[in-house]
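Trainee: A single structure is presented below for examination.
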Amino acid sequence: MSRLLLSVLGCCLLATPTCGAEAEVKIGTKIDKLTFKDIRYLTRSLDDFPDARAFVLVFTETGCPVVQRYWPTLKRLEKEVRAQKVQFLAINCNSEDSITAMAAQGVRYEIEFPLVKDLEQRCVKVLGVTRTPEVVVLDQERNIRYRGRIDDQYRPGGSRPAPTRHDLKEALTAVLAGKEVVVKETAVDGCLITHTGSASTKTPITYAEHIAPLMQKHCQECHRPKTPAPFSLLTYKQVASRADMIAEVVSQQSMPPWFASPENREFVNHRGLDTAERETIKQWAKAGAPRGDEKKLPRAMTFPDTGRWLIGQPDLVLSTADHELPAEGDIPYRYVFLTHVFLNETWVQGIQILPDNPRVVHHCNMAYATLGEKFSVSNFLTGFVPGGQPMTVGGETALRIPAGAMLVLQIHFVSTGKPEKCKLSVGFKYAQGTIQKRLRNMLLADHRFAIPPGAAAHPVSASKALDHDAVGIGLFCHMHLRGKDMTFKAHYPNGKSETLLMIPNYSFDWQMGYRWRDGQKVFPKGTRLECVAHYDNSPFNPFNPDPKATVRDGPQTYHEMMNGFVFYTDANEKLNLKIDPRTGRVKK
């Protein structure tokens with residue numbers, strides 16, 4: 001028995017990789033390269049902080065209770081040393097935490113410094129950390145000067161009323177003073193980091209049997225001809241030629257696009273692959289994208305042949321003239337009236353704005369105007385935005401266009417480097433049957449904000465109360481290039497509050513709506529609907545036009561907007577309107 005034990009121990013001591021031990025990373029090691037993903041799924045590095053005199057790298061995960069308890073301590077210390085050009089980074093290293101989940105934690109705990117993702121745990125290995133919330137301090141030359149705990153207050157089994165040692169603060173003070181750190185390394189009482197690898201499978205994964213069904217389930221709705229997607233994923237050849245790219249984007253969960261916090265799964269248009277599906281695609285790509293037995297291919301999906309009309313063949317189409325666009329520079333917003341007057345009240349259940357050259361249209365808003373009536377935000381009908389879907393409602397709900405209305409488009413064109421032309425068409429699907437509810441919207445907006453230069457998470461909020469019982473239809477968020485996150489909340493008359501939606505890593509290029517099931521959300525009269533947004537005007541924002549500028553409300557992308565739309569119906573409304581499906585008018 002003793003010989004067997006010695007044999008096993010000898011194997012572990014000699015065969016280090018088999019035992020899972022990591023080579024020690026010594027204090028004083030110079031870190032030449034450290035890369036990670038930001039909340040926008042972009043690869044970043046320490047080079048993005050050229051002015052930093054020191055770095056504090058905090059390793060985190062969303063589920064570790066010790067991490068959660070230390071957020072206030074980290075926030076206070078970061079604010080104390082910010083003016084001394086100390087750059088804090090929270091590096092999420094848990095394989096099951098998505099980038100969206102990481103960003104959502106930052107919103108909940110009001111973290112102002114960057115949260116980044118160590119997707120393949122390379123930062124963990126390079127810096128030699130083992131637990132969360134372990135911290136590493138680098139000096140200006142990126143040498144490791146301290147590694148260990150934040151202080152000795154919180155542990156998995158309990159806590160002290162106050163710390164007796166401030167290890168991180170003392171190490172940072174020494175580094176900034178150009179002195180030697182006295183205590184260079186400390187033990188960390190936190191959550192052990194599990195080193196994950198790609199799971200192996202004994203069953204060969206093939207396109208025909210495993211991948212084609214996933215493409216149909218999650219991808220082909222958008223990735224097919226005559227849609228905004230840049231390429232199709234309908235055939236083996238199309239998918240296999242992009243296998244590694246597909247594996248990358250599904251692994252980091254940037255595709256399919258979905259920007260709501262992970263707990264916001266109640267929306268009917270929720271997108272996303274589960275863990276097993278993501279792993280299947282990764283294993284298939286790693287194996288060289290095998291085709292498999294074509295007899296096992298699922299039956300090809302069929303899609304309605306309506307061209308680019310996602311609402312189906314329209315009952316009415318109105319178009320603008322061709323717009324001549326310059327090759328470069330900002331193009332001021334253009335306002336265009338469509339040459340059509342709705343002589344009668346008209347009810348519609350689908351509207352789509354369709355540019356014939358979508359690459360030159362950043363967004364387009366459409367509203368109605370009537371002679372002698374004051375224009376208001378409630379006149380808004382729909383819009384065209386990157387990643388958005390056409391306005392559609394069904395059942396006994398429809399959108400009303402009043403008699404005498406004309407439609408006006410607010411068009412934001414962008415230059416592409418060469419002269420362009422673009423014509424926009426608007427298609428309408430008339431309502432049919434009996435309509436009981438009118439689709440309404442409430443705009444939660446602030447037009448008086450001023451975002452200071454360099455602010456990493458500047459808050460802006462707005463709220464309104466409902467003057468009647470309402471049934472929620474959905475939510476929509478619009479900001480510009482500095483938009484970071486937006487949260488919708490409901491404060492009910494009984495004193496309770498609820499988070500309706502958190503978008504923790506807002507994307508200017510994927511502005512999608514979030515829709516509830518019919519009748520899912522009911523808001524009693526007096527409910528106050530609130531929208532809270534944060535803006536990143538810091539140099540770390542990769543899309544920031546000018547981090548030294550004070551940013552105010554305005555139409556261009558170098559300005560900002562804070563628009564939170566709530567779509568709903570009046571719960572007590574009973575219109576009982578019989579609609580002619582050929583005209584959208586009320587039957588006499």
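The values are calculated or read from the model by the stated rules, or taken from the named source; none is laboratory data. Please read these numbers as outputs of a predicted model, since none were measured by experiment. Note: ideal-geometry Cβ built from the backbone for every residue, glycine included; neighbour counts use all protein chains shown.
Trainee: Determine which member of the set Lys525, Lys548 is touching a residue at least 12 places away in the same chain (Cβ under 8 Å), part of a loop (DSSP other than H, G, I, E, B) and in contact with a His (Cβ under 6 Å, 6 or more places away or on another chain).
Mentor: Lys525
Trainee: Can I ask one more? Consider only pairs whose beta carbons are under 6 Å apart and that are at least six residues apart or on different chains; among these, list those whose first residue lies in the stretch 230-255 and is in the same structural domain as Gly288 (by TED's automatic domain parsing) and closer than 19 Å to Pro290 by Cβ and whose second residue is β-branched (Val, Ile, Thr) and assigned to a helix (DSSP H, G or I).
Mentor: Short answer, once both residue conditions are applied: Leu233/Val239; Ala247/Ile281; Val250/Ile281.
Trainee: Please return the ranges of strands (runs of 3 or more DSSP E) entirely within the stretch 291-370 where 3 or more residues are closer than 21 Å to Val385 by Cβ.
Mentor: Values: elements: 316-319, 323-325, 334-342, 346-355, 361-370.
By residue number, 316-319, 334-342, 346-355, 361-370.
Trainee: Also: Out of all the residues in the stretch 126-149, is one or more surrounded by 18 or more Cβ atoms within 10 Å (Cβ to Cβ), assigned by TED's automatic domain parsing to the domain that holds Thr60, under 30 Å from Tyr535 (Cα atoms) and polar (S, T, N, Q)?
Mentor: Within the stretch 126-149, one or more residues are surrounded by 18 or more Cβ atoms within 10 Å (Cβ to Cβ), assigned by TED's automatic domain parsing to the domain that holds Thr60, under 30 Å from Tyr535 (Cα atoms) and polar (S, T, N, Q).
Trainee: Can you list the strands (runs of 3 or more DSSP E) lying wholly within the stretch 388-494 that have 2 or more residues being acidic (Asp, Glu), surrounded by 17 or more Cβ atoms within 10 Å (Cβ to Cβ) and not assigned by TED's automatic domain parsing to the domain that holds Pro257?
Mentor: Values: elements: 397-401, 405-413, 420-422, 424-430, 433-435, 440-445, 458-465, 470-478, 483-491.
Of the strands (runs of 3 or more DSSP E) lying wholly inside the stretch 388-494, none has at least 2 residues that are acidic (Asp, Glu), surrounded by 17 or more Cβ atoms within 10 Å (Cβ to Cβ) and not assigned by TED's automatic domain parsing to the domain that holds Pro257.
Trainee: Let me ask you something else. Six or more apart or on different chains, Cβ atoms under 9 Å: show the pairs whose first residue is in the stretch 469-482 and under 19 Å from Gly526 (Cβ atoms) and whose second is among the basic types (Lys, Arg) and surrounded by fewer than 22 Cβ atoms within 10 Å (Cβ to Cβ).
Mentor: Partner pairs satisfying both residue conditions: Asp469/Lys525; Ala470/Arg440; Ala470/Lys521; Ala470/Lys525; Val471/Lys437; Val471/Lys521; Gly472/Lys521.
Trainee: Could you say whether any residue in the stretch 312-330 is within 31 Å of the chain's Cα centre (by Cα) and under 30 Å from Pro581 (Cα atoms)?
Mentor: The answer is yes, given that some residue of the stretch 312-330 is within 31 Å of the chain's Cα centre (by Cα) and under 30 Å from Pro581 (Cα atoms).
Trainee: Specify the residue that is nearest to Ala287 (Cα to Cα); the eligible residues are those in the stretch 179-201 that are modelled with pLDDT of 95 or more and charged (D, E, K, R).
Mentor: Here the answer is Glu185.
Trainee: Please verify whether the stretch 158-166 includes one or more residues that are modelled with pLDDT under 95 and surrounded by 17 or more Cβ atoms within 10 Å (Cβ to Cβ).
Mentor: Within the stretch 158-166, none of the residues are modelled with pLDDT under 95 and surrounded by 17 or more Cβ atoms within 10 Å (Cβ to Cβ).
Trainee: Output the residues belonging to the stretch 492-551 that are of a type in the set (D, E, K, R), farther than 24 Å from Phe449 by Cα and under 18 Å from the mean Cα position of the chain (by Cα). So that I can check it myself, show each step before the final result.
Mentor: If we filter the stretch 492-551 for residues that are of a type in the set (D, E, K, R), which is where we start, we get 496, 498, 509, 515, 517-518, 521, 525, 528, 530, 536, 546, 548.
Add one more test, that the residue is farther than 24 Å from Phe449 by Cα, and what stays is 496, 498, 515, 517-518, 521, 525.
Matches in the stretch 492-551: Arg515 only.
Trainee: Shifting gears a bit: Using the structure shown, decide if Ile91 is within 24 Å of Trp510 (Cα to Cα) and not assigned by TED's automatic domain parsing to the domain that holds Trp258.
Mentor: Judged against the criteria, Ile91 is not a match.
Trainee: What are the residues in the stretch 100-151 that are among the hydroxyl-bearing types (Ser, Thr, Tyr), over 28 Å from the mean Cα position of the chain (by Cα) and part of a strand (DSSP E or B), if any?
Mentor: Tyr146
Trainee: I'd like to know if the stretch 178-190 contains one or more residues that are of a type outside the set (Asp, Glu), in contact with a Phe, Trp or Tyr (Cβ under 6 Å, 6 or more places away or on another chain), under 25 Å from Pro504 (Cβ atoms) and part of a loop (DSSP other than H, G, I, E, B).
Mentor: There is no residue in the stretch 178-190 that is of a type outside the set (Asp, Glu), in contact with a Phe, Trp or Tyr (Cβ under 6 Å, 6 or more places away or on another chain), under 25 Å from Pro504 (Cβ atoms) and part of a loop (DSSP other than H, G, I, E, B).
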